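Working notes for the structure below.
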Amino acid sequence: MSQSDAIGQKTRELCETILEDAGFKSAQQRIQAFLEDEKARTQYEEVVRLGQSLRRKQQFGEPLSEEEIEQFEKAREELLANEVARGFLDAQTELEEMRQAIQQQVALTMELGRMPTREDMDGCGCGSGCGCH
């Protein structure tokens, strides 16, 4: 088996482990519940739409009215009060944290040429030449 084949096999094993992980399964279930809940999706889309509108106005230096801000905050609060939508947002965060942890460990392994220690993982992750150590 070549080095490339071995890396591919270990990568597949990692993916299988991720798929079997209880936290991953839970996150996937919460995402699926969100996708099946039209009210939650509509609330989410409205918050995204309102947020984009506010950002666009800010980018062009336009003032934001109290009414616009209140409308966004109300929609956001309603979204966060929806258990299905909140579960979706939490699941997204959990999956992103998992992805970042995996990416950080692989990147540090390649950068350091060895398995990273806990100290390496808790550091800034930018290597010893960055001057932050």
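The values are calculated or read from the model by the stated rules, or taken from the named source; none is laboratory data. Just so we're clear, the structure is a prediction, and the values are computed from it rather than from any experiment. Glycine gets a Cβ as well: all are built from the backbone with ideal geometry, and neighbour counts include every protein chain shown.
Here are a few things to note about the model shown:
- Put simply, of Leu95, Leu89 the only residue that is farther than 19 Å from Ile18 by Cβ and of a type outside the set (Ser, Thr, Tyr) is Leu89.
- Subset of the range 1-29 [among the polar types (S, T, N, Q) and either touching a Gly at 6+ places or on another chain (Cβ under 7 Å) or under 30 Å from Arg86 (Cα atoms) (or both)]: Thr17, Ser26, Gln28, Gln29
Residue-wise test of (1) surrounded by 15 or more Cβ atoms within 10 Å (Cβ to Cβ); (2) aromatic (Phe, Trp, Tyr); (3) modelled with pLDDT under 95.
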position: Glu45; (1), (2), (3): no, no, no
position: Arg76; (1), (2), (3): yes, no, no
position: Ala85; (1), (2), (3): yes, no, no
position: Ile102; (1), (2), (3): no, no, no
position: Asp120; (1), (2), (3): yes, no, yes
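- Listed conditions (1) within 19 Å of Ala33 (Cα to Cα); (2) part of a loop (DSSP other than H, G, I, E, B) are all met by Tyr44, apart from (2).
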